[in-house]
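So the structure is just underneath, and the comments pick up after that.
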Amino acid sequence: MAENRRNGDRDDDEIDRLLAHANPNPQRVGCLPQEVLTSLAARRQPLNAPGYEHLLECSECYREFRRLQGEEPTES
Amino acid sequence: MEHLRTIGLLDSDGQPFRPHIERVLIQLLPRLRREFPLLQDEVTLAEVMEEAGRRIRHREERGQIERLHGYAWVTVRSIATSRMRQGSAKLHQKTLDSDAGNARLLATPSSRGTAAEVEQTVLLRELLRTLSREERMICLWKKAGFSSQEIALHQRRTVVAIDTIFSRAKQKIRKALGIDDVADAPARRSC
């Protein structure tokens, strides 16, 4: 349970696959600073933190966010 | 049918329907499946039933329905018929012809990757767009490790509603990705 709360359920790999590859942002437009990603990954930000919106729009940041959680999104 | 019984049907405010409405809707499920065999996936069936439940509840605000079972079936049938039309129309609207498809592929930003990878990206992006903003946010918050309870508090919804939305979002994704869904029996409550 604690593991799931920190990293998200492992049976949700399809969500990882979607968010990690649906929004390529190779020019890294509007990307989050590393400290913000670290803070999001550690759940030190509230649910309404704007950084979460960006994670839905930038696969590069989402993959980094997951890496910081100790998870590697599945390959598409 | 067991699936819908397990997760329950929810009103627009995320609350369960009153028992007599839910009971009549559950009773009509076999008939809905029989008469509309193309409406097979649980998400669509639940959406049809929930829309019917909302209409029945709305109608009951003006007075008791004398023959609830009959009224409910006519309502369910009407919504299901409308869904069938929408379904084929939506498919048609979302299908690009070859020229438009090529244009979309060429416009997709990619400094690397094969054509297959670019195509996969387009498909995933289109799939992401089929989810509502709330579904996307709940999926992300779950991956961030927030509990259903925390999300429910933030969204001012019930834990059951959050679990149901999350479960259906996953079903939509799995269905679109062609992943078998047998292992996903949504719980009534989670952490």
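What follows is calculated from the coordinates using simple rules that are stated; it is not laboratory data. Here the structure is a predicted model, which means the values were calculated and not measured. Cβ placement follows ideal geometry from the backbone for every residue including glycine, while neighbour counts extend to all protein chains displayed.
Ordered by the number of other Cβ atoms lying within 10 Å of each residue's own Cβ, fewest first, B:141, B:73 fall into the sequence B:73, B:141.
Model label points for residue B:132 and residue B:57, set 7 angstrom from Cα along the Cα-to-Cβ axis, are 1.3 nm apart. In order along segment B:62-75, the Karplus-derived 3J(HN,Hα) couplings, from 6.51 cos²θ - 1.76 cosθ + 1.60 at θ = phi - 60°, round to 9, x, 4, 8, 5, 10, 4, 4, x, 4, 5, 5, 4, 5 Hz, and Gly and Pro are given as x. For the peptides B:143-154, B:36-47, the ranking by packing is B:143-154, B:36-47, with the highest mean count of neighbouring Cβ atoms within 10 Å listed first. Backbone phi angles across segment B:24-30, fed through the Karplus curve with coefficients 6.51, -1.76 and 1.60 (θ = phi - 60°), yield HN-Hα couplings of 5, 5, 4, 5, 7, 4, x Hz in residue order; Gly and Pro are listed as x.
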